[in-house]
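Below is a structure I'd like to ask you about.
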Amino acid sequence: MSKKSIAIKMPTRTAPTTPDEWVSNRTSPATAPEVVATNVTPLVQPAEPMKRFTIDVSEGLHRRIKAACAGRGEKMADVLRDILEREFPAGGKA
C-alpha cells in the first residue's frame with residue numbers, strides 16, 4: 001500500500017508597513033485563515049473577577065488608539081485598563 005502526499009500552499013500576505021495600514025487592512029475574524037495554536041500557556045486567572053465594560057467612541061478615536069497600540073505591540077484592552085487604573089486607583093480618592 002502506498003502513501004499519498006498532498007502539498008498545501010498557504011496564502012501569502014505582505015505585512016503592513018504602518019500601524020494605520022494595519023488598522024485599515026485587517027481581516028475580519030470570519031474571513032481570517034484558521035490558525036491552530038501549539039504550546040499555548042494557559043491563561044492566568046486574575047486575582048479579582050473581571051467585568052465587561054463597553055463604551056462607544058468615535059471611529060477616529062478608535063483608529064488612533066488601535067494604531068498606537070499596534071505600534072507599541074500592546075493590546076487595546078491592556079492599555080485602557082492601565083489608564084483606568086491610574087485614573088481610578090484602588091483605595092484612592094473618591
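The values are calculated or read from the model by the stated rules, or taken from the named source; none is laboratory data. As the structure is a prediction and not an experimental result, all values here were calculated from the model.
If a residue has to be closer than 15 Å to D20 by Cα and in a helix (DSSP H, G or I) to count, how many in segment 55-92 make the cut?
15
Just to be sure before I move on: is D20 acidic (D, E) and either modelled with pLDDT under 95 or not in a loop (DSSP other than H, G, I, E, B) (or both) in the structure I sent?
Yes: the conditions hold for D20.
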